[in-house]
Each structure stands twice: as C-alpha cells, then as structure tokens.
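First comes the structure, then the notes that go with it.
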Amino acid sequence: MDVSAQIGVVGLAVMGRNLARNLARHGYTVAVANRTPERTEAFIGDFGHEGAFVAAAGAQEMVAALERPRRLVVMVQAGQATDDVIAEYSRLLEPGDVIVDGGNAHFADTRRREAALRDAGIHFLGTGISGGEQGALKGPSIMPGGSPHAYRLLAPVLNDIAAIAPDGTPAVAHLGPDGAGHFVKMVHNGIEYADMQLIAEAYHLLRNSTDYEPRRIADVFRRWSEGRLNSYLIETTAEILAHRDAHTGLPFIDVLADAAEQKGTGRWTVQTALDLGVPVSAIAEAVFARSASAHTALREAASVLPGPARTILDERDAERLVAQVEQALYASKLVAYAQGFHQIQAASQVYGWNVNPAAVADVWRAGCIIRASFLDRVRDSFTAHPNLPGLLAHPSFARELGAAQLPWRLVVSHAARDGVPVPAMAAALAHYDTLRAPRLPAALTQAQRDFFGAHTYRRNDRPGTFHTRWDLDRSEELRG
Ligand code: NBP
C-alpha cells in the first residue's frame, strides 16, 4: 500500500466514524480501520464520497498507509479494547510515531500506557473528547494530555477539527503530561452529571409546587437560557420539556421511566475525589441520584413512607419561586464547577501536571456538553486571580453568590418542606456554608477521635500535636 494518509483512525463506531469524517472535511487524507472489517466497508460505502479515505484491512495496512511520523487516533471502547489495539499497533509503529487515545480512558490507564510507550519511543496523547457523536463530527471540545512534543505533532490537526468558541478560538489546549487530559475529561463528565441533576431538580420542584405544565416550564428554561444560565444543557432541557410524545400526545417527559443509567465516568470522578480528599459533594449527589432512581424495588417498598401533602402555589407565588429557583440553580451550578476545578487542581499538584485552570475553562467553552456562557468568566477569573484558591471566592462570583444565597436557602427549605428531593442543590448549599463558616464542628470530631482512638488533635492556641489522657484529665504534647 502507498504511503498516502496524514492520519489514521482505528475504531469506526459512532465516535471514530464521525471524527474520521470531521478530519476528512478539513482536507486530511484519513486511513480508517476497524476490528470487524465489515464496519470499515460500510463506512466507505456510506461516507467515502465525503473526502479522501484510505480503507485499511488491518493494522499492517493502516501502518503502511500513514506518512511519517505516523499519527494514529484510537477510538475504541475504553479498557481492555484500548489495550488490545495499542498492543497490536505498537508492535508495528516506530519511534517518533504518535498514538492518540480519544476514548474515555481512566487517567490511571493513560499514565500506564504513556509510560510503557515512552519506553518504546512512541508518543502517546491521552485525549478527552466531548460533544457526543455530533460534536465528533462538527467540532468537539478536545482535552489532550501527553508530552509537549506529542502535542506539537497533533496540534494543527486538533485545532482544525475542534469546536470554535464564539470569540473564534478552537476548543483545544495542551492540558499537561500523561493522564492530565483524560483526568480533565473525567471531571468534565462529573460536572456534567451535577449540571444535569441540578437542572432536573429545578424542573422537578417547579413541576411539583406549581400547576405549570412541562411546556410552560420549557418557556421558563428558554428565558433562563437568555441570561447567565445560558448553556447547552439548559437549551436542550427546554427543547425536551416542550416535546410531545408522538405515540400518546402526552408531554414526552411524562412517558419516560424515571430511572437513569450511567456509564461510569461520574463514578470515577467521585472515586478519584475520595482518593484525593477533595469534597465534590454536588457531583457525588448527582451520581447517587442516578443510582437511587434505578433502585426501583427499594423505591417501591419505600413508597409507603409518609410525606407532606402536595401544595400548589398560586400564580404570584409560583412566579416568585421561578425567580428563586433561577438563583438556586445558578449558585449550585457554580459550586459544582468550583468542586470540579478544585479536584483538577488537587490532582495537578499530586501528579505534577501543572494544569492551567483558565485553559480548562477555555476548552470547555465550546463543543462539549457542559459548554456554558459563564465559562468565559470562569476563565477570566482564573486568569485575573491565579493564586486565589477556590473559584467561589473569586470577586465576581462571590458577589453573585452573596445575592443568591437567600433565595437559594428558600428554595432548599421549600423543597424540604414540600418533600421534594433536591440532593445536589442541598449539597451545594451545604458546601457553600461549610467553606464560609468561621468555625466548623470538626473541632468536636477531633476530640471524639482522640477520646476513643487516641488519634491526637491540634489546637488553635499552640502549635504541635496533642493527646488527652481522658481518664486522668491530663493533656500532653506529643513530640517526634
Ligand atoms: P464504543 O465504545 O461502543 O466501542 C466500539 C468500538 O470499539 C468498535 O469500533 C469496536 O470494534 C471496537 N472494539 C471493541 Br468493543 N473491542 C475491541 C477490541 N478488542 N479490539 C479492537 N477494537 C475493539 O464506541 P463509541 O461509542 O464510538 O466510543 C469510542 C470511544 O469514545 C469510547 O472510549 C467512548 O467511551 C468514547 N466516547 C464516546 C462518546 C459517545 O457519545 N459515544 C463520547 C465521548 C467519548 P467492532 O466494530 O469490531 O466491534
């Protein structure tokens, strides 16, 4: 086979297929391959006319088709499939070639793969890609991690195929070495869980406490999407709520089962946050909310438990609640993003990645599922105050939270009074109150740990580590 393709794509399911088409639409000659060759043939049959493709029957043909240094994008199922493909191709590739893993790999796997390939002289770019299948085709948000050299080899291509933010910049940036890109993508998905859950809670509360039909709530979301809540997820929510089921004519939302599924990146975010000791409570509640919804037998058994009678607000109070929920949703969303950024910054420190949070916000402004107008301000805040820990304390957000905090409390207490679960909003508010509190009950926790387990404690008035002999009422400083 002649050397003719500038880039290769292995894996032609929805993501790989659309990424290959995106590359071809930007003038690249793309070699394509898939484990099951019928998929490659179907791809060429369906999309061959869209651009310059080279169909490779297997790894050898793919490697022979690529110009040097070879650039190979792997878009297969995360986990063992990715390891299998890397093993198959790395035997055939040469030092200086680069493999891009565009799947949803766990960042620890990316670190392992990058180190193993580095030993063989092959560059590895662990790259988060967000935007679903339409994003892959029309412009995703791209989160690469790997060596600067590997990034330089791919940067022109990634810049071409990425989504373009309203200010004209492509949604791609080198986020750091080895697993940094996949870590940022994982947290992106965790925030996505929280964002979706918070929106769902806002909808659910309005549906429960007012006589608004889904179409009217769709109008509320449409209005919100013209303001500071403007985002892809708010817009799609408005569209979903306005949608009628073709089959029954009922609001579409009412004919769906209320048990949500998940693929695992939200769970990874929370598991990793636990390991790092970073409180991502709004994200965790969103993951748990999906799990709880899917425990149908448990829910069925618990349906006997009593709750308050449903009360419907009159028109004026309903309008007031809408305004309060906008504040609560915005403030809770800020907390969820702030928790995600905290997690990225903590991992960056542990793994020595030096991730620039402003670059992360920049990359999330277009193409990805959590794209939102307010990310411009997140980026600007991190740029203006790089050393201020925690996004919430950044001056412009702190001001907004100050204005939102009372309605936020009213919404959470309204939900508790009416028996409507708002776990992510309540967790976000508790996080806000935890961070701003002049004093936390952790002093008592310290004392309890020392009392029953001699775990020692620290004091406000003196440095050092102490233990109290509770039986003798004697405090002693521990040395060494
Ligand atoms: P899937 O995750 O459904 O994977 C299917 C692809 O993996 C097919 O090409 C399949 O080949 C290949 N494959 C499998 Br399965 N086992 C293999 C093996 N042992 N060796 C070689 N190939 C193997 O595809 P997708 O939904 O297009 O997603 C691709 C990647 O992108 C995944 O990592 C996913 O997590 C990530 N991602 C997906 C989305 C999305 O919206 N779907 C968004 C962002 C990221 P076959 O045709 O021979 O079975």
Amide H contacts of ASP97 (H built 1.01 Å from N, under 5 Å, at least 5 apart or other chain): ARG70, HIS123
Accessible-area value, PHE47, 1.4 Å probe, nucleic acids and ligands omitted, Å²: 40 Å²
Ratio Rg/Rh, restricted to the chain and using Cα atoms, in which Rh is the Kirkwood radius: 1.03
Radius 15 Å from Cβ of GLU477, net charge of other residues (Lys, Arg +1; Asp, Glu -1): +3
Burial ranking of peptide ranges 92-105, 326-339 (average Cβ count within 10 Å, highest at the top): 326-339, 92-105
Amide H contacts of VAL73 (H built 1.01 Å from N, under 5 Å, at least 5 apart or other chain): GLY8, VAL9, VAL10, VAL100
For the stretch 7-178, share of DSSP beta bridges that run antiparallel, in % to the nearest 5: 25 percent
³J(HN,Hα), Karplus 6.51/-1.76/1.60, whole Hz, each residue of the stretch 416-421, x for Gly, Pro: 5, 5, 8, x, 9, x
Residue-averaged 222 nm ellipticity for the chain, from DSSP H runs of 4+ at -39500 (n - 2.57), nearest 500: -18000 deg cm²/dmol
Size of charge dipole - the chain - debye, nearest 20, with Cβ of Lys, Arg +1 and Asp, Glu -1, no other charges: 1000 debye
Part-to-part distance (alpha-carbon centres) for the stretch 85-146 and the stretch 1-55, which is given in Å: 17 Å
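What share of Cα pairs, in percent, lie more than 21 angstrom apart in the stretch 362-480?
Working: 4429 of 7021 pairs.
Of all Cα-Cα pairs in the stretch 362-480, 63 percent lie more than 21 Å apart.
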Distance cut-off 29 Å, percentage of C-alpha pairs in the stretch 7-178 lying past it: 10 percent
Projected-area mean, the stretch 196-271, by convex hull of Cα positions, square nanometres: 6.3 nm²
Unit charges at the beta carbon, dipole of the stretch 185-436: most positive-side option, ALA286, GLY367, SER209: GLY367
Per-peptide average of other Cβ atoms within 10 Å, ordering 460-466, 431-437 highest first: 431-437, 460-466
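Given a cut-off of 20 Å, what percent of all Cα-Cα pairs of the stretch 275-424 lie beyond it?
More than 20 Å apart: 60 percent of the Cα pairs in the stretch 275-424.
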Using a Förster distance of 35 Å, the FRET efficiency for HIS295-ALA443 (Cβ separation, nearest 0.05): 0.45
Part-to-part distance (alpha-carbon centres) for the stretch 152-187 and the stretch 415-479, which is given in Å: 41 Å
Leading residue at positive end of dipole, the stretch 147-202 (Cβ point charges), from HIS182, SER147, ALA194: SER147
Where only alpha carbons of the stretch 185-436 are counted, the Rg and the Dmax (Å): 18.2, 56
Rg to Rh, two decimals, where the stretch 3-109 supplies the alpha carbon set and Rh follows Kirkwood: 0.94
Ratio of the Cα radius of gyration of the stretch 272-347 to 2.2 N^0.38 Å, where N counts its residues: 1.53
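The values are calculated or read from the model by the stated rules, or taken from the named source; none is laboratory data. Predicted model only: the values in this text are computed from it and were never measured. Positions of Cβ are backbone-derived with ideal geometry, glycine not excepted, and every protein chain shown enters the neighbour counts. Quick note on the areas: whole protein, heavy atoms, side chains included, nothing else; ligands and nucleic acids left out. Shrake-Rupley method; radii C 1.70, N 1.55, O 1.52, S 1.80 Å.
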